[in-house]
Amino acid sequence: EIILKEYPSYERKDEVLFNLAYKQYDIGKKDLAVKRYEELLKSYPGSKFVADAYVQLGNHYFEVANILEKARTYYEKAFASTNPRIKSYALYKLAWCDFNAVDHEKALKKLQDTVEFAEKQGKEKSFTDLKNEALSDSIRMFVQLNRADDAMAYYKAHAGKKKQLSLIQKLAFALQEAGHHDNAIKSFSFLLNDNAVAEMAPDWQQSIIKSYEGLRQRENVKAEVKKL
């Protein structure tokens, strides 16, 4: 604040504005931080901190102010960045804007685009983490769309064996909880076929029974109990 007040022509003023805004937000002075970010965007449109400021403002309007369209606008501006880290994160957050707007098809597509983008960046940890996050979050989209076959094929194509198992198991339980019993049975059966002696196999079999109970198919319940 002293630099901004006493040295208005300081050549790294954009950096000062960004760091001040970031720290103000961190200690709860959110309104002041937003004003600093906006000042940065207005006064230094060519600054290397602009794309990061778009992300920070997008996060504010998405997570705190709950103004979805304003958040989307800032994320779209961040997505236009040439910085792969910022671009991929903005794409990921745009997927969640679609999800919150109840457009699950678009949300799923953007998460898949995030996975593809991260894969192209190599094995750098930040991109690997983002890919794993997008894969995990896509479960919610697949469940909302009730598309078990597409989900299982997608995870087999984009995740290693251990990660596949985790993702498809979460998918199966989520489908069951959502009342999509046919696809839950299909997913648990897939897990059992591929991992017949897994530690979780009895739980998967029990879940198949539970879904047949949900479907009121008593003969199938009996048959699956015998397998258990």
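The values are calculated or read from the model by the stated rules, or taken from the named source; none is laboratory data. Please read all numbers here as calculations on a predicted model, not as lab measurements. Neighbour counts run over all protein chains shown; Cβ positions are idealised from the backbone, glycine included. To get the accessible areas, we keep the full protein, side chains included, count just its heavy atoms, and leave off ligands, DNA and RNA. Shrake-Rupley method; radii C 1.70, N 1.55, O 1.52, S 1.80 Å.
Reported count of residues in segment 38-76, each being surrounded by fewer than 16 Cβ atoms within 10 Å (Cβ to Cβ), touching a residue at least 24 places away in the same chain (Cβ under 8 Å) and β-branched (Val, Ile, Thr), is 1.
Within segment 47-78, being part of a helix (DSSP H, G or I), under 22 Å from Lys23 (Cβ atoms) and aromatic (Phe, Trp, Tyr) holds for Tyr54, Tyr61, Phe62, Tyr74. The set of residues in segment 20-37 being open to solvent by 70 Å² or more (accessible area, probe 1.4 Å) and either part of a helix (DSSP H, G or I) or small (Gly, Ala, Ser) (or both) consists of Tyr22, Lys23, Asp26, Asp31, Leu32, Lys35.
Each residue in segment 29-73 was checked for being at positive phi and in contact with a helix residue (DSSP H, G or I) (Cβ under 8 Å, 6 or more places away or on another chain), and 0 pass.
Just for helices (runs of 4 or more DSSP H) wholly inside segment 149-228: which have at least 3 residues that are farther than 30 Å from Thr128 by Cβ, modelled with pLDDT of 95 or more and not basic (Lys, Arg)?
On the way: elements: 161-177, 181-194, 201-214, 218-227.
Passing ranges, in order: 181-194, 201-214, 218-227.
So if I check each of Ala78, Ala51, Ala65, which one is more than 17 Å from the chain's Cα centre (by Cα) and under 20 Å from Ala118 (Cα atoms)?
Details: Ala78 fails: more than 17 Å from the chain's Cα centre (by Cα); Ala65 fails: under 20 Å from Ala118 (Cα atoms).
Step by step, each of Ala78, Ala51, Ala65 is checked, and only Ala51 is more than 17 Å from the chain's Cα centre (by Cα) and under 20 Å from Ala118 (Cα atoms).
When Ile185 is tested against (1) under 30 Å from Glu116 (Cα atoms); (2) open to solvent by 50 Å² or more (accessible area, probe 1.4 Å), exactly one condition is not met: (2).
Which residues, counting only those in segment 1-19, are in a helix (DSSP H, G or I) and either open to solvent by 50 Å² or more (accessible area, probe 1.4 Å) or within 15 Å of Lys48 (Cα to Cα) (or both)?
Residues of segment 1-19 that are in a helix (DSSP H, G or I), as a first pass: 2-6, 13-19.
Listed by number, the residues that qualify are Ile2, Ile3, Lys5, Glu6, Lys13, Asp14, Glu15, Val16, Leu17, Phe18, Asn19.
Go through the residues of segment 79-93 one by one and say whether even a single one is charged (D, E, K, R) and not in a helix (DSSP H, G or I). No. Residue pairs whose Cβ atoms lie under 8 Å apart, sitting 6 or more positions apart in sequence or on different chains, and linking a residue in segment 77-103 that is modelled with pLDDT under 95 to a partner that is among the basic types (Lys, Arg), do not occur here.
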